[in-house]
Amino acid sequence: MIKNLIAALDAADDMPEAVRLRTASYDLLHAGPGSSIVDVGCGTGRAVAELAGRGVHATGVDPNEQMIAVARDRAPEADFRIASAEALPLPDASVNGYRADKVFHELPDPAKALAEARRVLTPGGRIVLLGQDWDTFVIDSDTPSLTRTIVHARADLVTSPRAARRYRNLLLDAGFHDVRSEVRTGVFTDASLSPLLTGLAEAARTTGAITAAQADAWIADQHARAATDRLYLALPIFITSATAP
């Protein structure tokens, strides 16, 4: 199971849009030689390795022991630690930058994580949050009402599905300033996203929001679209940056 997840994450990280998003986050963090940045929810450590390549002292933090084990295997010289976003293993005012990519929608209390971010950031330190809003998957389909049901049913399984649209207000409420937000939309039209679409429908079926027959028909339609170059998925990614007081 974990191997399949890591393979899927690696494939997603290799996509050109994902590379551009990571680079944008590093620029917003002012990541340069000698700076120190914590990557929260680092997974297998792709961002940590890339930041280290910029001369940054990067620390990767993730609560999943298996992910950290893979990260350490891939980048033995890097600093990886097992910990949650709400309890970072770092001293007060010890890093210049805080990065969290596709993390806050998994947190039951995003405000608590931002209080911890404030604690570890130096005055004037930078924070960047990235992630998708789980209610805003845009999928072309012959059955738009069913598609809406599938998307919303999947979103309801996420701990904080609309955290991304709240990044700006969360940061303001936490006392950060110079808060800036943008949305970059990835457009996907090939079969590589078919497993993701299948997962959406299967998740909706497990909740009882749709029937097995509806799930099968919707999945078949999406696979047919992929096979005839008619698949269309637009996925907005919210990027919000701010400065610690």
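The values are calculated or read from the model by the stated rules, or taken from the named source; none is laboratory data. Quantities reported herein were computed from a predicted structural model and do not represent experimental measurements. Don't worry about glycine lacking a Cβ; one is built from the backbone with ideal geometry, like all the others, and counts go over all protein chains shown. Please note that ligands, DNA and RNA were not included when accessible areas were found on the heavy atoms of the full protein model with its side chains. Shrake-Rupley method; radii C 1.70, N 1.55, O 1.52, S 1.80 Å.
Of the residues making up the stretch 150-191, those that are open to solvent by less than 20 Å² (accessible area, probe 1.4 Å) and either over 16 Å from the mean Cα position of the chain (by Cα) or in contact (Cβ under 8 Å) with a residue 60 or more places away in the chain (or both) are Ile150, Val151, Ala153, Ala164, Tyr167, Leu170, Leu171, Phe176, Gly186.
Filter the stretch 41-68 down to residues that are part of a loop (DSSP other than H, G, I, E, B) and in contact with a Ser or Thr (Cβ under 7 Å, 6 or more places away or on another chain) and give me whichever is farthest from Gly97 (Cα to Cα). The residue in question is Pro63. Could you list all residues from the stretch 59-83 that are within 22 Å of Val158 (Cβ to Cβ), in contact (Cβ under 8 Å) with a residue 24 or more places away in the chain and buried (at least 16 other Cβ atoms within 10 Å of the Cβ)? Hits for the stretch 59-83 are Val61, Met67.
Restrict the check to the stretch 13-24 and report whether at least one residue is surrounded by fewer than 13 Cβ atoms within 10 Å (Cβ to Cβ) and in a loop (DSSP other than H, G, I, E, B). No; the residues of the stretch 13-24 include none that is surrounded by fewer than 13 Cβ atoms within 10 Å (Cβ to Cβ) and in a loop (DSSP other than H, G, I, E, B).
Cβ-Cβ distances below 7 Å connect the following pairs, each with a first residue in the stretch 192-207 that is farther than 18 Å from Leu233 by Cα, a second residue that is open to solvent by less than 20 Å² (accessible area, probe 1.4 Å), and a separation of six or more residues or different chains: Arg205/Ala215; Thr207/Ala153.
Among the residues making up the stretch 121-138, those that are more than 17 Å from the chain's Cα centre (by Cα) and surrounded by 21 or more Cβ atoms within 10 Å (Cβ to Cβ) are Leu121, Gly125, Arg126. Residue selection: Ala111 fails the criterion of being within 24 Å of His30 (Cβ to Cβ) and part of a helix (DSSP H, G or I).
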